[in-house]
1. Would you tally the residues in the range 107-125 being farther than 18 Å from residue 12 by Cα and crowded, with 20+ Cβ neighbours inside 10 Å?
2. If you scan the range 90-102, which residues turn out to be out of contact with any Ser or Thr (no Cβ under 6 Å at 6 or more places or on another chain) and within 14 Å of residue 14 (Cβ to Cβ)?
3. Taking the condition of being closer than 20 Å to residue 18 by Cα and of a type outside the set (Asp, Glu), how many residues in the range 90-101 meet it?
4. Select from the range 63-91 the residues that are within 15 Å of residue 110 (Cα to Cα) and under 14 Å from the mean Cα position of the chain (by Cα) and list them in ascending order.
5. Can you find, within the range 77-99, the residue that is farthest from residue 50 (Cα to Cα) among those that are of a type in the set (A, V, I, L, M) and surrounded by fewer than 18 Cβ atoms within 10 Å (Cβ to Cβ)?
6. Quick one: which residue in 37, 9 is loosely packed, with under 15 Cβ neighbours inside 10 Å, in contact (Cβ under 8 Å) with a residue 60 or more places away in the chain and not small (Gly, Ala, Ser)?
7. Restricting to the range 34-77, name every residue that is among the polar types (S, T, N, Q), modelled with pLDDT of 90 or more and either part of a helix (DSSP H, G or I) or touching a Cys at 6+ places or on another chain (Cβ under 9 Å) (or both).
Amino acid sequence: MTNYKELLRHVTTFIFDYDGVLTDGMVIMTSLGEGHRISSVKDGYAIQLAIKMGYNVAVISGAVSKSLEHRMKALGVSDVFMGIENKIECYHEYLKTRRIKPEQVLYMGDDIPDYEVMLEAGISTCPADAAEEIRKISKYISHCNGGKGCARDVIEQVMKVQGKWMTGDGAHKW
């Protein structure tokens, strides 16, 4: 079996679920029916840096949320797929459109809707607090929970393995 760190050398694309991965999975509902989510600024920094360094970053979510849309736009993520009932179809179409090979994809999910995609992605990862079924099929389980730095964890690992972390190429010139 290949060491998961070796697989990181091939990553060009990060695909994340939103609720439970880029957020802590909790939704606070207002009296107007709007949902507010908690996300990590460390994840946000790493996502912005990954984009700046030439990686593809996408979000595939079953949720439809203005806050998701605004957060991803602010981070520079243009490939945002919301309201997706069948994530595997969206995944296939995204890879086809972008001409990405599955072995180039690191996918991070946390629950059953992510299961099929995780079986096909080159590297399947999950937050520490993911569902048991997802933890069992993950090649890497972050030490961080969803919305608490798990995306930063995997992005940083990929960039370090590829020699792109803290290289002076604008990585810390914010």
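The values are calculated or read from the model by the stated rules, or taken from the named source; none is laboratory data. Since the model is a prediction, treat every value here as computed from it, not as a measurement. We place every Cβ from the backbone using ideal geometry, glycine too, and count neighbours over all the protein chains shown.
1. Selection size over the range 107-125: 3.
2. Hits for the range 90-102 are 91, 94, 95, 98, 102.
3. Qualifying residue count, the range 90-101: 5.
4. The one that is within 15 Å of residue 110 (Cα to Cα) and under 14 Å from the mean Cα position of the chain (by Cα): 87.
5. So the residue we want is 88.
6. Being loosely packed, with under 15 Cβ neighbours inside 10 Å, in contact (Cβ under 8 Å) with a residue 60 or more places away in the chain and not small (Gly, Ala, Ser) holds for just one of 37, 9, which is 9.
7. Listed by number, the list holds a single entry, 48.
A quick yes/no check of all residues on (1) hydrophobic (A, V, I, L, M, F, W, C); (2) loosely packed, with under 14 Cβ neighbours inside 10 Å:
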| position | (1), (2) |
| --- | --- |
| 16 | yes, no |
| 20 | no, no |
| 26 | yes, yes |
| 54 | no, yes |
| 75 | yes, no |
